[in-house]
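The values are calculated or read from the model by the stated rules, or taken from the named source; none is laboratory data. All values reported here derive from a predicted model rather than from experimental measurement. Cβ placement follows ideal geometry from the backbone for every residue including glycine, while neighbour counts extend to all protein chains displayed. Each accessible area value is taken on the protein alone, full model and side chains, heavy atoms only, with ligands, DNA and RNA left out. Shrake-Rupley method; radii C 1.70, N 1.55, O 1.52, S 1.80 Å.
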Amino acid sequence: TGFPAHSASPLKLTPTTKVPTKNADILVIGASGFIGKRLFLNLQARGLAVRALVRNASRFTDVEISDNCEVMLGDYRETETMEHALGGIKTVFHLALSHSNSLAGYLKNNHEPTLKLAEACQRHNIEKFIYTGTIDSLYLGKNAGKVTDATATDFAITRRNNYAHSKAITETSLRDLHQKQNFPVVIIRPAIVLGVGGPVAHVGVAQWFGLGRCEYWGDGMNKLPLVLVDDVVSGLANASAMKGIEGNTYNLSAPSCISAAEYVAEVEKAVGCKIKTANSNALVHWIFDSTKWVFKVLAGHPDKTRRPSIRDWQCREQHAEFDTSKARRDLDWNPESDRETLIKKGIHEPAIESLNS
């Protein structure tokens, strides 16, 4: 997996640099994250010259870096850092994300720096800019029907959660850049990503209160849009090599075949303990959220401008069916679709690894 084994021996630190020392064609921003680290390793295994930009290299402990790759310390929100990092780069992967307690915070910490990064990429004549969005920006509630790569973000996105809303704003801005200035953006929206190193108590599956108790979004019976992290990585990596896909958006999801209730049952099998579960109701969540919002307004909380929406809570139930035929065709993408393999690699192995870590 690339993660350090548990041992009494001293950890070996991956060499890092603050200024590039090697020529590279690909820059991975957010390379220390769950997906980003595996993407870096995948590209490196393909023999490509890759530069990983990270703010903290601790997750690269014990990772062997090939001679034509390097790990650079820095923040993509810093202009001087990016002037160095973009030198000689042809393809940029942008996976970095900073969470916030308000829409304004998300825009300040993510959206605005991403647009500045896009401007820097234009100055450096970047050939492809691959941005990771989220399926959370889509309408996924009941009667959502079939979602394709052409499906627009939720028309009521302004009433959705701050994360989904901010991601949609950034997607729209990047698409506008493509239409007006031919900015070579490709948007990839992963579904609920599973795999070793990722969260077992996944918020996309349920609301968790530790690993021993969770509350489904709804009744937990509908099949969820899940995808293995290695399949997301292969889709991203393949996108960097494909010609003529600039301006396109791709949703990455395996065929829905596992419900939240089934997910929890498989975690129980893997960890050997009982998980207390309960159903939930979007209306109840909305009433509780609205009550908190009133207090936020009274207290002048940064999130006071977001009016709670029952639609947002309904979307967490993940009823949509994903048609990923365009991603399969354009990206030569073939995600794992076998239910038992998805359970083994996406639920059992992560749960066991979590126990042993």
Subject >> Cut-off under 5 Å, modelled amide H: who pairs with Ser102 long-range >> reply: none
Subject >> Whole-percent carbon and sulfur share, accessible surface of region 62-117, 1.4 Å >> reply: 49 percent
Original post:
What is the list of residues in region 269-291 whose amide nitrogen lies under 18 Å from a point 7 angstrom out from the Cα of Asn143, following Cα to Cβ?
Top reply: 282-283
Original post:
Which value does Rg/Rh take for region 224-338 over its C-alpha atoms, Rh per Kirkwood?
Top reply: 1.10
Original post:
In Å and whole numbers, how far do the C-alpha atoms of region 199-291 stretch along each principal axis, longest first?
Top reply: 48, 38, 21
**OP:** In whole Hz, with x marking every Gly and Pro, tabulate ³J(HN,Hα) for region 161-173 from phi via Karplus 6.51 cos²θ - 1.76 cosθ + 1.60, θ = phi - 60°.
**Re:** 5, 4, 4, 4, 5, 5, 5, 5, 4, 5, 4, 4, 5
Subject >> Hits among lysines - C-alpha to C-alpha of Lys90 under 16 Å, sequence gap 8 or more where chains match >> reply: Lys22, Lys128, Lys243
Original post:
What percent do you get for the relative contact order of the chain when only Cα pairs under 8 Å and 6+ apart count?
Top reply: 19 percent
**OP:** Using the heavy atoms of the protein chains and a 1.4 angstrom probe, tell me the accessible area per residue for the chain in square angstrom.
**Re:** 46 Å²
Subject >> Where trypsin sites (Lys or Arg not before Pro) fall in DSSP loop in region 191-261, at most 10 other Cβ within 10 Å >> reply: Lys243
Original post:
What are the aspartates and glutamates whose alpha-carbon lies under 17 Å from the alpha-carbon of Lys344, with same-chain residues fewer than 8 places away excluded?
Top reply: Asp230, Asp231, Glu262, Glu266, Glu268, Glu336, Glu353
